[in-house]
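Below you'll find the structure, written out as structure tokens, and then a few comments.
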Amino acid sequence: MVESEDTAIEELSTENVQKEVKGMVRKLSENEWEIPVGHIPNMRVPGRLFVSQNLLEGIEPGTIDQIANVATLPGIQKYSMAMPDAHLGYGFAIGGVAAFDAEEGIISPGGVGFDINCGVRLIRTNLQKEEVVPNIKRLTDELFSNIPAGVGSKSRIRASDQELDSAFLEGANWAVEAGYGVEADVKHCEANGSMEGADPAQVSTKARKRGKPQLGTLGSGNHFLEVQYVDKIYDQEIASTFGLQEGQVTVMIHCGSRGAGHQICTDHLKELSQAVKNYKIEIPDKQLACAPAQSREAQNYFKAMLCAANYAWANRQIITHWTRESFEKIFGRDADDLGMDLLYDVAHNVAKLEKHIVDGKKKEVYVHRKGATRAFPPGHPEVPAVYRDVGQPVLIPGSMGTPSYILCGSEEAMNVSFGSACHGAGRVMSRAHAKKEFRGQSIKENLEARGITVRATHPSVIAEEAPDVYKSSSEVVNVVHELGIARKVARVLPLGVTKG
Ligand SMILES: Nc1nc2c(ncn2[C@@H]2O[C@H](COP(=O)(O)O)[C@@H](O)[C@H]2O)c(=O)[nH]1
Ligand SMILES: [Mn+2]
Ligand SMILES: [Mn+2]
């Protein structure tokens, strides 16, 4: 039985799938494919896959089935979607987006994922690549020792129960009030770094116990902190609104809600597995456990999910503070002087109550983005004032050896994908397979030869995260750019990476 996203990926196999997948989908345009109603019984809407012809050939049939499975859920709007970085996940595909009517629809933890509010933030600096390269080994060592990483790693903070509650309720706002950052940081986070409605009473003792010592930790594997530089600008005007220019050094942080989010998901999946039977909702896969959106069970999960989402924003905020301290130590200047402002912070595993136009009418929907980034357009009130003329920044990591991208949201995303775009490159190889295929030490040496310093808790982590376990970030990003659901602004390349 699959118990988490990580074990789901172990089932990933791309052997002999090309022909099979092509027979399952109908081409709508260069980068859009439909999974017709009837692919499996009881689909209420079609599926829609956003991939190029080439990326389609790497998609497992199981991912297509997962997109179709989601299309059977009550209250689903328009179509069940997957982004070009899509791959197999727990119930819903990673890269999946689905919007459910706020009254007639459902809420499902599988549509959010185990790492609730896993997300990415990008910090600008005013340092140039040439100033950082000579110091990159020392800087990466400092970041690696200053920011706890690895499975089950413990924080330098000894959070009290009250502080944990504050993190659950106030997210990044609490962290800033506690001294981890500046007020401007929260203004540059999706949802201003916390969502209303969180209720710590819906969080179990076990989830609290797991979350308490991990507030201020990076986590393991796919989570990372990366020093990068801007090597290409695609849109000069938007780049300058985002404060980006060629040669500039940036820091990307990718992590989520650690054991707290995982336990909250696990606990509520149990409750919703029972609820789905009580409410007589027919689901084609038990991993799609869900309940009517307005039911007690769904709302209890949602309130707990908000706690985890807020915890994740607090977590990334604390890590930002220690990142600034590390730069201060290495460069002997304070973070202000180094221009270390937060460009933006995006969630890519979350469900949100949003207003969207469906069939010409504005309606409230629970948008589930599971391995997908919000990509709101210019003029949207939820885009920070400084970016409102151009659209929200969309942060797409690649791998420790390939480019990452900064894009901006667009009106087309509101028309096509409920204001969503991809969230990364997306895995194509399981961790178990990667450990057989690659040696961590030689991957590390190859990267060092290309000027990329890597620090990880164990060489096996580097093997599991080798650049080749991921799709081409450039190919993935080109799909969303060509579709117009997010537009390329800048490309960044890695200089120093810390991994759990
Ligand atoms: N720039 C880097 N990107 C990385 C690294 N490790 C993983 N990744 C990318 O992040 C996404 C995140 O996806 P998730 O589903 O694990 O949240 C992943 O798809 C990769 O493209 C890295 O070290 N540096
Ligand atoms: Mn993530
Ligand atoms: Mn994560």
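The values are calculated or read from the model by the stated rules, or taken from the named source; none is laboratory data. Just so we're clear, the structure is a prediction, and the values are computed from it rather than from any experiment. Reconstructed Cβ throughout: ideal geometry from the backbone, glycine too, with neighbour counts over all protein chains shown. Each accessible area value is taken on the protein alone, full model and side chains, heavy atoms only, with ligands, DNA and RNA left out. Shrake-Rupley method; radii C 1.70, N 1.55, O 1.52, S 1.80 Å.
Return the residues of the range 114-149 that are among the polar types (S, T, N, Q) and away from ligand 3 (no atom under 16 Å from the Cβ); say none if nothing qualifies. Reasoning before the result, please.
First, the residues of the range 114-149 that are among the polar types (S, T, N, Q): 117, 125-126, 128, 135, 140, 145-146.
Residues satisfying the conditions are 125, 126, 128, 135, 140, 145, 146.
Evaluate the range 427-441: report whether one residue or more is over 21 Å from residue 116 (Cα atoms) and touching a Lys or Arg at 6+ places or on another chain (Cβ under 6 Å).
yes
Return the residue satisfying two criteria in turn: it lies in the range 178-205 and is under 25 Å from residue 381 (Cα atoms) and charged (D, E, K, R), and of such residues it is most open to solvent (accessible area, probe 1.4 Å). Break it down into steps so the answer makes sense when it comes.
Looking only at the range 178-205, we keep the residues that are under 25 Å from residue 381 (Cα atoms), and these are 181-198.
Retained after the next criterion (residues that are charged (D, E, K, R)): 183, 185, 187, 190, 196.
Working: 183: 133, 185: 3, 187: 117, 190: 2, 196: 178 Å².
Once the filter is applied, the top-ranked residue is 196.
Report yes if some residue within the range 175-183 is closer than 23 Å to residue 372 by Cβ and of a type in the set (A, V, I, L, M, F, W, C); otherwise report no. Explain how you work it out, then say what you get.
Applying the first criterion (closer than 23 Å to residue 372 by Cβ) to the range 175-183 yields none.
So far as the range 175-183 goes, no, none of its residues is closer than 23 Å to residue 372 by Cβ and of a type in the set (A, V, I, L, M, F, W, C).
Of 227, 176, which residue is assigned to a helix (DSSP H, G or I), among the β-branched types (Val, Ile, Thr) and over 17 Å from residue 261 (Cβ atoms)? Talk me through it step by step, then tell me what you get.
Details: 227 fails: assigned to a helix (DSSP H, G or I).
Step by step, each of 227, 176 is checked, and only 176 is assigned to a helix (DSSP H, G or I), among the β-branched types (Val, Ile, Thr) and over 17 Å from residue 261 (Cβ atoms).
State whether one or more residues within the range 440-456 are touching a strand residue (DSSP E or B) at 6+ places or on another chain (Cβ under 7 Å) and closer than 24 Å to residue 371 by Cα.
Scanning the range 440-456 turns up at least one residue that is touching a strand residue (DSSP E or B) at 6+ places or on another chain (Cβ under 7 Å) and closer than 24 Å to residue 371 by Cα.
Can you give me the ranges of the helices (runs of 4 or more DSSP H) entirely in the range 1-106 with at least 2 residues that are open to solvent by 10 Å² or more (accessible area, probe 1.4 Å) and at pLDDT 95 or above?
Working: elements: 5-10, 18-22, 53-56, 61-70.
Correct list: 53-56, 61-70.
Give 212, 232 a once-over and let me know the one that is away from ligand 3 (no atom under 16 Å from the Cβ) and under 24 Å from residue 339 (Cα atoms).
On the way: 212 fails: under 24 Å from residue 339 (Cα atoms).
Residue meeting the stated conditions: 232.
With (1) open to solvent by 50 Å² or more (accessible area, probe 1.4 Å); (2) within 16 Å of ligand 1 (Cβ to nearest atom) as the list, and residue 258 as the residue in question, which single condition is left unmet?
(1)
Across the range 412-455, which residue is nearest to residue 348 (Cα to Cα) among those that are touching a helix residue (DSSP H, G or I) at 6+ places or on another chain (Cβ under 7 Å) and within 16 Å of ligand 3 (Cβ to nearest atom)?
If we take residues in the range 412-455 being touching a helix residue (DSSP H, G or I) at 6+ places or on another chain (Cβ under 7 Å) and within 16 Å of ligand 3 (Cβ to nearest atom), then 422 is nearest to residue 348 (Cα to Cα).
Take the range 242-266 and flag every residue that is more than 13 Å from ligand 2 (Cβ to nearest atom) and outside any helix (DSSP H, G or I).
Of everything in the range 242-266, those that are more than 13 Å from ligand 2 (Cβ to nearest atom) and outside any helix (DSSP H, G or I) turn out to be 242, 243, 244, 245, 246, 247, 248, 249, 250, 251.
Considering only residues that are among the small types (Gly, Ala, Ser) and either more than 14 Å from ligand 1 (Cβ to nearest atom) or out of contact with any strand residue (DSSP E or B) (no Cβ under 6 Å at 6 or more places or on another chain) (or both), which ones fall in the range 112-148? Walk me through how you get there before you give the answer.
Residues of the range 112-148 among the small types (Gly, Ala, Ser): 113, 119, 145.
Correct list: 145 only.
Residue-by-condition table, conditions (1) touching a Pro at 6+ places or on another chain (Cβ under 8 Å); (2) farther than 17 Å from residue 404 by Cα:
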residue: 222; (1), (2): no, no
residue: 239; (1), (2): no, no
residue: 272; (1), (2): yes, yes
residue: 275; (1), (2): no, yes
residue: 278; (1), (2): no, yes
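Taking the range 139-158, which residues are open to solvent by 50 Å² or more (accessible area, probe 1.4 Å), at pLDDT 95 or above and over 25 Å from the mean Cα position of the chain (by Cα)? Spell out how you get there, then give the answer.
Narrowing the range 139-158 to residues open to solvent by 50 Å² or more (accessible area, probe 1.4 Å): 141, 144-145, 151, 154, 156, 158.
Filter once more, so that each one left must be at pLDDT 95 or above: 141, 144-145.
The answer is 141, and nothing else.
Would you mind finding the one in 457, 453 that is modelled with pLDDT under 95, farther than 30 Å from residue 389 by Cα and within 14 Å of ligand 1 (Cβ to nearest atom)? I'd like the intermediate steps shown before the answer.
Values: 453 fails: modelled with pLDDT under 95.
Of 457, 453, the one residue that is modelled with pLDDT under 95, farther than 30 Å from residue 389 by Cα and within 14 Å of ligand 1 (Cβ to nearest atom) is 457.
Could you grab the pairs with beta carbons closer than 8 Å, sequence gap of 6+ or different chains, first residue in the range 86-113 and on the phi > 0 side of the Ramachandran plot, second one assigned to a strand (DSSP E or B) and more than 12 Å from ligand 1 (Cβ to nearest atom)?
95/82
Scan the range 141-154 and tell me whether some residue there is touching a Pro at 6+ places or on another chain (Cβ under 6 Å) and within 15 Å of residue 322 (Cα to Cα). Lay out the reasoning, then the answer.
Filtering the range 141-154 for residues touching a Pro at 6+ places or on another chain (Cβ under 6 Å) gives 154.
Of the ones still in play, those that are also within 15 Å of residue 322 (Cα to Cα) are 154.
Taking every residue of the range 141-154 in turn, at least one turns out to be touching a Pro at 6+ places or on another chain (Cβ under 6 Å) and within 15 Å of residue 322 (Cα to Cα).
Out of (1) of a type in the set (S, T, N, Q); (2) buried (at least 18 other Cβ atoms within 10 Å of the Cβ); (3) at pLDDT 95 or above, the odd one out for residue 274 is which?
For residue 274, the exception is condition (2).
Residues that are within 16 Å of ligand 2 (Cβ to nearest atom), within 30 Å of residue 181 (Cβ to Cβ) and either open to solvent by less than 10 Å² (accessible area, probe 1.4 Å) or in contact (Cβ under 8 Å) with a residue 24 or more places away in the chain (or both): does the range 122-138 have at least one?
Yes, the range 122-138 has at least one match.
For residue 498, work out the one condition from (1) open to solvent by less than 10 Å² (accessible area, probe 1.4 Å); (2) in contact with an Asp or Glu (Cβ under 8 Å, 6 or more places away or on another chain); (3) within 13 Å of ligand 1 (Cβ to nearest atom); (4) not in a strand (DSSP E or B) it doesn't fulfil.
Result: residue 498 fails condition (4) only.
Determine whether the range 65-77 contains at least one residue that is under 15 Å from residue 33 (Cα atoms) and either within 18 Å of the chain's Cα centre (by Cα) or among the β-branched types (Val, Ile, Thr) (or both).
yes
List the number of the failed condition for residue 113; all other conditions in (1) open to solvent by 10 Å² or more (accessible area, probe 1.4 Å); (2) over 30 Å from residue 231 (Cβ atoms); (3) outside any helix (DSSP H, G or I) hold.
Status for residue 113: all satisfied but (1).
Determine whether residue 217 is over 30 Å from residue 487 (Cβ atoms), free of Cβ contacts under 8 Å to residues at least 12 places away in the same chain and hydroxyl-bearing (Ser, Thr, Tyr).
Working: over 30 Å from residue 487 (Cβ atoms): yes; free of Cβ contacts under 8 Å to residues at least 12 places away in the same chain: no; hydroxyl-bearing (Ser, Thr, Tyr): yes.
No: the conditions fail for residue 217.
Kindly indicate the residue of the range 219-233 that is hydrophobic (A, V, I, L, M, F, W, C) and more than 9 Å from ligand 1 (Cβ to nearest atom) and also most open to solvent (accessible area, probe 1.4 Å) among those meeting that condition.
Residues of the range 219-233 hydrophobic (A, V, I, L, M, F, W, C): 224-225, 227, 230, 233.
Filter again for more than 9 Å from ligand 1 (Cβ to nearest atom), leaving 227, 230, 233.
On the way: 227: 1, 230: 2, 233: 29 Å².
Looking at the filtered set, the residue picked out is 233.
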